[in-house]
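Written below as structure tokens is the structure these notes are about.
Only the coordinates and a few stated rules stand behind these numbers; no lab work does. Here the structure is a predicted model, which means the values were calculated and not measured. So basically every Cβ, Gly included, is an ideal-geometry build from the backbone, and we count neighbours across all protein chains shown.
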Amino acid sequence: MTYGARPGGAASKEKTHALVNEKPRKGQGHLHYQVDDGPVIATPGTKLSFHGLKTRSHRIVVMLAANDHSPLGPQETLQVTIPAATSSTK
């Protein structure tokens, strides 16, 4: 399974700001998202596209985070179901 953020292609691989003692700055942040039990991905993109998800129910968690990765509000959890392909969609 692969998933990534757009614009910008694949999800960003930014360094962990907390490890370099970066302080939160007003007006700076990004999204954290996680599909099922996969890794938490940090991305500055505001539109997300998910590719290669299997036919079944999936849980997607999204949260706005500060530049030091601390939460900036509540997280949202979405349940989506990828239906089986029909003969007209294959």
Q) Sorted from fewest to most neighbouring beta carbons within 10 Å, what does the list Ile82, Ile60 look like? A) Ile82, Ile60
**Q.** Residues Arg56 and Gln28, FRET efficiency given R0 of 30 Å [Cβ-Cβ distance, rounded to 0.05]
**A.** 0.25
Q: Rank the residues Asp37, Asp68 as a footprinting-exposure proxy: fewest other Cβ atoms within 10 Å of their Cβ go first.
A: Asp37, Asp68
